[in-house]
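Enquirer: Mind having a look at this structure? Questions to follow.
Just so it is clear, none of the values below were taken in a lab; they were calculated from the coordinates. In this text, all values refer to a predicted model and were calculated from it rather than measured experimentally. Note: ideal-geometry Cβ built from the backbone for every residue, glycine included; neighbour counts use all protein chains shown.
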Amino acid sequence: MAETIFSKILRGELPCHRVYEDDQVLAFLDIFPLSRGHTLVIPKEPAVTLDQLSDDAAAALGRVLPRIARAVLAASGATAYNLLQNNGALAHQAVFHVHVHIIPRFDDGAGLGIDWRPGKLGDDGAALAAAIAAALA
């Protein structure tokens, strides 16, 4: 995996405003926040995208996300939030180390803007579902 700003933060070479840390996960404030309290949660295991994480690292990440989200809400005063996790450049990933954004939402419109353009599931839905299920085996 290539060197990233998160690698440097994990090694203590760059400072961050830590909000949580254990042996597998680090959470800290985003230095370019979309809203007050915008927090990044990263696994310490090096992986570019979520599908590359070990089951243990993914479980550790999933285990702490609800607790950190509750803390962000309590500290920021927000009552809603987005979780955002991008995988790959085409999905707008900018730092190539797995990370989850917890982005508090406020009445002032601060936060994540989403342009959702839904399509329609095609006639190949059954075949696609079967192919995905087969890939899980």
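Enquirer: Kindly indicate whether His38 is touching a strand residue (DSSP E or B) at 6+ places or on another chain (Cβ under 7 Å), surrounded by fewer than 13 Cβ atoms within 10 Å (Cβ to Cβ) and within 20 Å of Ala74 (Cα to Cα).
Expert: Taking the combined requirement at face value, the residue does not satisfy it.
Enquirer: Filtering the stretch 37-49 down to residues that are farther than 18 Å from Ala91 by Cβ and part of a loop (DSSP other than H, G, I, E, B), which residue is nearest to the chain's Cα centre (by Cα)? Before the answer, list the steps.
Expert: So the first thing to find is which residues in the stretch 37-49 are farther than 18 Å from Ala91 by Cβ, and the list is 37-39, 44-46.
Checking the rest, the ones that are also part of a loop (DSSP other than H, G, I, E, B) come to 37-38, 44-46.
Numbers: Gly37: 14, His38: 11, Lys44: 13, Glu45: 14, Pro46: 14 Å.
The qualifying residue nearest to the chain's Cα centre (by Cα) is His38.
Enquirer: When you check Ala78 against the structure, is it surrounded by 18 or more Cβ atoms within 10 Å (Cβ to Cβ), closer than 29 Å to Leu136 by Cα and touching a Pro at 6+ places or on another chain (Cβ under 7 Å), yes or no? Explain how you work it out, then say what you get.
Expert: Details: surrounded by 18 or more Cβ atoms within 10 Å (Cβ to Cβ): yes; closer than 29 Å to Leu136 by Cα: no; touching a Pro at 6+ places or on another chain (Cβ under 7 Å): yes.
When the stated conditions are applied, Ala78 does not pass them.
Enquirer: Let me ask another. Inspect the stretch 86-100 for any residue being in a helix (DSSP H, G or I), exposed (fewer than 15 other Cβ atoms within 10 Å of the Cβ) and not small (Gly, Ala, Ser) and give the result as yes or no.
Expert: Looking through the stretch 86-100, at least one residue is in a helix (DSSP H, G or I), exposed (fewer than 15 other Cβ atoms within 10 Å of the Cβ) and not small (Gly, Ala, Ser).
Enquirer: I've got another one for you. I'm told Leu34 meets every condition in (1) over 14 Å from Val100 (Cα atoms); (2) touching a residue at least 40 places away in the same chain (Cβ under 8 Å); (3) among the hydrophobic types (A, V, I, L, M, F, W, C); (4) assigned to a loop (DSSP other than H, G, I, E, B) except one. Can you identify the failing condition by its number?
Expert: (1)
Enquirer: In addition: Restricting attention to the stretch 67-83, does a residue exist that is without any contact (Cβ under 8 Å) to a residue 12 or more places away in the chain, touching a His at 6+ places or on another chain (Cβ under 9 Å) and more than 14 Å from Leu34 (Cα to Cα)?
Expert: no
Enquirer: Give the stretch 16-31 a look and list any residue that's touching a strand residue (DSSP E or B) at 6+ places or on another chain (Cβ under 8 Å), part of a loop (DSSP other than H, G, I, E, B) and either among the hydrophobic types (A, V, I, L, M, F, W, C) or within 18 Å of Leu83 (Cβ to Cβ) (or both), or say none.
Expert: Cys16, Asp30
Enquirer: Going by the conditions given, is Ala110 surrounded by 12 or more Cβ atoms within 10 Å (Cβ to Cβ), assigned to a loop (DSSP other than H, G, I, E, B) and either in contact (Cβ under 8 Å) with a residue 60 or more places away in the chain or basic (Lys, Arg) (or both)?
Expert: Working: surrounded by 12 or more Cβ atoms within 10 Å (Cβ to Cβ): yes; assigned to a loop (DSSP other than H, G, I, E, B): yes; either in contact (Cβ under 8 Å) with a residue 60 or more places away in the chain or basic (Lys, Arg) (or both): yes.
Answer is yes for this residue.
Enquirer: So which residues in the stretch 9-48 are of a type in the set (Gly, Ala, Ser) and farther than 30 Å from Gly109 by Cα, if there are any at all? Please lay out each step first, then the result.
Expert: Filtering the stretch 9-48 for residues of a type in the set (Gly, Ala, Ser) gives 12, 27, 35, 37, 47.
Selection gives Gly12, Ala47.
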